[in-house]
Amino acid sequence: MTLHDGGVAEGDTILRLASRFEATLLGETVTASAPNPRGKAARIEQLDGLTLETVWVHGKHLLLGFGDLSLYSHLGMSGGWHFYRPGSRWRRPRSSAWALLSGGDWDAVQFGGPTLQVGTTARLRRNPQLTRLGPDILAPGFDPEAVIPGLRADPTRGLGDALLDQHLVAGIGNIFKSEACFAARVDPWRPVGEVSDEELVAVLGAAREQMLAAVESGGRHSFRVYKRRQGACPVCRGPISSRGQGDANRTTYWCPRCQG
Ligand SMILES: [Zn+2]
């Protein structure tokens with residue numbers, strides 16, 4: 001089983017990843033190794049002989065707790081975790097694996113990504129990358145009203161850009177940014193200060209609903225506008241538009257007719 005390999009890991013992928021760790025390695029004493037020098041630099045081998053005690057997820061961030069030490073993983077655009085039975089064939093070369101955690105008759109293998117580090121649990125929990133995150137859109141009891149003031153802090157910012165700001169709301173990535181705006185019929189280019197409370201609640205609700213559905217379905221979901229620049233809008237049959245948005249120039253997909 002592969003969790004995220006090619007594509008962008010959004011909150012739904014990381015939530016499934018956490019479930020996978022809970023089902024395989026939680027409570028197990030692990031053998032830890034770093035086949036690739038990048039993993040050695042991340043001090044993966046410090047986890048050898050420790051027991052996975054907690055699995056914590058927030059937005060796109062994952063913390064595996066081994067008592068006083070934890071492993072912090074963020075997959076970004078390129079990273080992935082694979083789960084294999086010991087001795088089975090890997091889908092990528094062993095030498096490219098940053099981390100190998102074995103226990104409970106499973107091998108969890110990490111490849112690539114912007115963040116992989118082992119540190120003291122206390123220090124990692126104070127890491128600004130984690131403490132500055134906004135509410136997790138997939139957390140139980142997520143309250144869309146609570147994130148609206150933050151989303152509007154810069155009223156001139158485009159809605160699609162604001163939705164990707166993990167400090168405002170954590171977990172939404174490029175796919176569900178576009179899909180949620182389409183589902184709620186809101187133009188992602190509108191300045192967020194001009195988007196009504198009702199529309200913001202609808203967009204956030206659509207993102208949460210679609211991402212939870214993706215968790216349930218094991219990551220299978222069909223996109224209605226994302227990467228459908230050659231396609232027709234499933235509602236009005238008009239052309240789908242796409243253009244880079246925000247400082248990071250992340251491509252937004254939308255239907256100008258339905259979301260006008
Ligand atoms: Zn349309």
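FYI, it's all coordinate maths here, none of it is from the lab. Since this is a predicted model, take the numbers as computed values, not measurements. Cβ: placed from backbone, ideal geometry, glycine included. Neighbour counts: every protein chain shown.
Just a few scattered comments:
- Distance in nm between pseudo-label sites at E45 and R91 (7 Å out along the Cβ direction from Cα): 2.9 nm
- Our coupling estimate for segment 42-57, obtained by passing each phi through the Karplus curve with A = 6.51, B = -1.76, C = 1.60 and θ = phi - 60°, is 7, 6, 4, 5, 4, 7, 4, x, 8, 10, 6, 9, 9, 10, 10, 10 Hz, Gly and Pro reported as x.
- Whole-Å semi-axes of the chain's equivalent ellipsoid (Cα gyration tensor): 36, 20, 15
- Karplus-based coupling profile of segment 163-168, in residue order and whole Hz: 5, 8, 6, 5, 6, 9, with θ = phi - 60° in 6.51 cos²θ - 1.76 cosθ + 1.60 and x standing for Gly or Pro.
- For V55, distant residues with modelled amide H under 5 Å away: G65
- Calculated [θ] (222 nm, deg cm²/dmol) that DSSP helices of n ≥ 4 give over the chain, each run adding -39,500 (n - 2.57): -7500 deg cm²/dmol
- Distant-in-sequence amide contacts of G119, defined by a placed amide H-H separation under 5 Å and a gap of 5 or more residues or a different chain, comprise S70, Y72.
- With the highest mean first, a sort of the peptides 238-245, 203-210 on other beta-carbon atoms found within 10 angstrom per residue produces 203-210, 238-245.
- For R126 and R237, the FRET efficiency from 1/(1 + (r/R0)^6), where r spans their Cβ atoms and R0 equals 41 Å, is about 0.20.
- Peptides ranked, highest mean first, by Cβ atoms within 10 Å: ranges 212-218, 69-75: 69-75, 212-218
- Within straight-line cross-link reach of K40, aspartates and glutamates at Cα separation under 20 Å, skipping those fewer than 8 residues along the same chain: D48, D68, D107
- Database remark: amide H of A170 closer than 5 angstrom to the amide H of G134, D136, I137 (H placed geometrically; neighbours at sequence offset of 5 or more, or on other chains; Pro and chain starts carry no H).
- Cross-link partners for K227 among the lysines, with Cα-Cα distance under 16 Å and sequence neighbours closer than 8 places in the same chain left out: K177.
- Peptides 52-65, 93-106 ranked from most to least packed, by the mean per-residue count of other Cβ atoms within 10 Å: 52-65, 93-106.
- Phi angles across segment 129-134 convert, under the Karplus curve 6.51 cos²θ - 1.76 cosθ + 1.60 with θ = phi - 60°, into 3J(HN,Hα) values of 4, 9, 6, 8, 5, x Hz, Gly and Pro given as x.
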